[in-house]
1. Would you mind checking which residues have amide H under 5 Å from Val131's amide H? H placed 1.01 Å from N; only 5 or more apart, or other chain.
2. Pull up all non-local amide H partners of Ile186: gap of 5 or more, or a different chain, and H-to-H distance under 5 Å with H placed in the peptide plane.
3. Within the chain, what is the longest stretch that has no GluC sites (Glu not before Pro) placed in a DSSP loop and near at most 15 other beta-carbon atoms within 10 Å?
4. Please tell me the relative contact order of the range 156-208 in percent, rounded to the nearest whole number, where contacts are Cα pairs under 8 Å and at least six residues apart.
5. Classify the range 13-67 from the C-alpha gyration tensor, please: rounded if a/c falls under 1.5, else prolate or oblate depending on whether a/b exceeds b/c.
6. Which value, in Å², gives the accessible area per residue of the range 2-234 when a 1.4 Å probe is used on the protein heavy atoms?
7. Find, among the chymotrypsin sites (Phe, Trp or Tyr not before Pro) in the range 116-173, those assigned to loop by DSSP (not H, G, I, E, B) with at most 14 other beta-carbon atoms within 10 angstrom.
8. So which trypsin sites (Lys or Arg not before Pro) in the range 1-50 are both in a DSSP loop and have at most 15 other Cβ atoms within 10 Å of their Cβ?
Amino acid sequence: MAKLVLIRHGQSEWNALNLFNGWVDTKLSEQGIEQAKHAGELLKAEGIEFDQAYTSVLTRAITTLHYALEEAGQLYVPEEKSWRLNERHYGALQGKNKAAAAEKYGEDQVHIWRRSYDVLPPLLDNYEETVEVEGKTYPAFDARYADVPYGELPLGENLKVTLERVLPFWDAKIKKDLAAGKDVVIAAHGNSLRALVKHLENISDDDILNVEIANGQPIVYDLAADLTINLKKVLK
Ligand SMILES: O=C(O)[C@@H](CO)OP(=O)(O)O
């Protein structure tokens, strides 16, 4: 029986400011660092010893993984990063304030953009667009995406498109590890993890609207040999 642990990164600086993050490479806030360390303490208390770790290519998920593994005494665990585990790309909403967007477009519209399965956010016009926040410029795409075939990079994603780009990595890597009995941790993002949870738990397109994943609270699945879920618990 393999264990799969999903950890959403700790609070980011832009989560604290209530800004859409998406693929913008924001850092953990002080609170986010504490949440990541606490996640590691919880995993240590749970006694899980990981064989493999996966994370995205975004700093807030990578640092969450490292703080958590260090706290759990398992910083040695092999890790692999993939853009396929990135947060969903929030298109032209990236860097915008969520409350200001709700005032401008209406609460309902913003909720649909944030939580619906198949409604796309407003898209970026091109791959060169940058995001400006408080005098700082964030590139939309940089060298870390150099190996991704040009057409595969998104200009904005809904949860459906996010799931479609997570699944090839899940099938090729993570699922194989689990099937071989390895215990796996994935440190990723609110929406890339919602996509994965939808797939794993077979949640309907409508019901996924109400699924929220908290910062830094590990979700632990005990999986059967056929990867069906025997037990799920959220550590707090
Ligand atoms: O800003 C984001 O990228 C995500 C997660 O932090 O926001 P939301 O919860 O609105 O999907």
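The values are calculated or read from the model by the stated rules, or taken from the named source; none is laboratory data. Here the structure is a predicted model, which is why all the values come from computation and not from measurement. Counting neighbours? That spans all protein chains shown, and the Cβs are built from the backbone with ideal geometry, glycine included. Please note that ligands, DNA and RNA were not included when accessible areas were found on the heavy atoms of the full protein model with its side chains. Shrake-Rupley method; radii C 1.70, N 1.55, O 1.52, S 1.80 Å.
1. Close amide H contacts, sequence-distant or interchain: Tyr138, Ala140.
2. Correct list: Val5, Leu6, Ile7, Tyr54.
3. Numbers: sites that count: Glu49, Glu128, Glu129, Glu134, Glu212.
That would be 50-127.
4. On the way: 24 pairs, mean separation 23.8, N = 53.
After rounding, I find 45 percent.
5. Numbers: a/c = 3.36, a/b = 1.67, b/c = 2.02.
Oblate, because a/c is 1.5 or more while a/b does not exceed b/c.
6. Numbers: 10500 Å² over 233 residues.
Here the residues of the range 2-234 average 45 Å² of exposed surface.
7. Details: sites: Tyr117, Tyr127, Phe141, Tyr145, Tyr150, Phe169, Trp170; in loops: Tyr117, Tyr127, Phe141.
Of the chymotrypsin sites (Phe, Trp or Tyr not before Pro), the ones in loops of the range 116-173 whose Cβ has at most 14 other Cβ atoms within 10 Å are Tyr127.
8. Lys27
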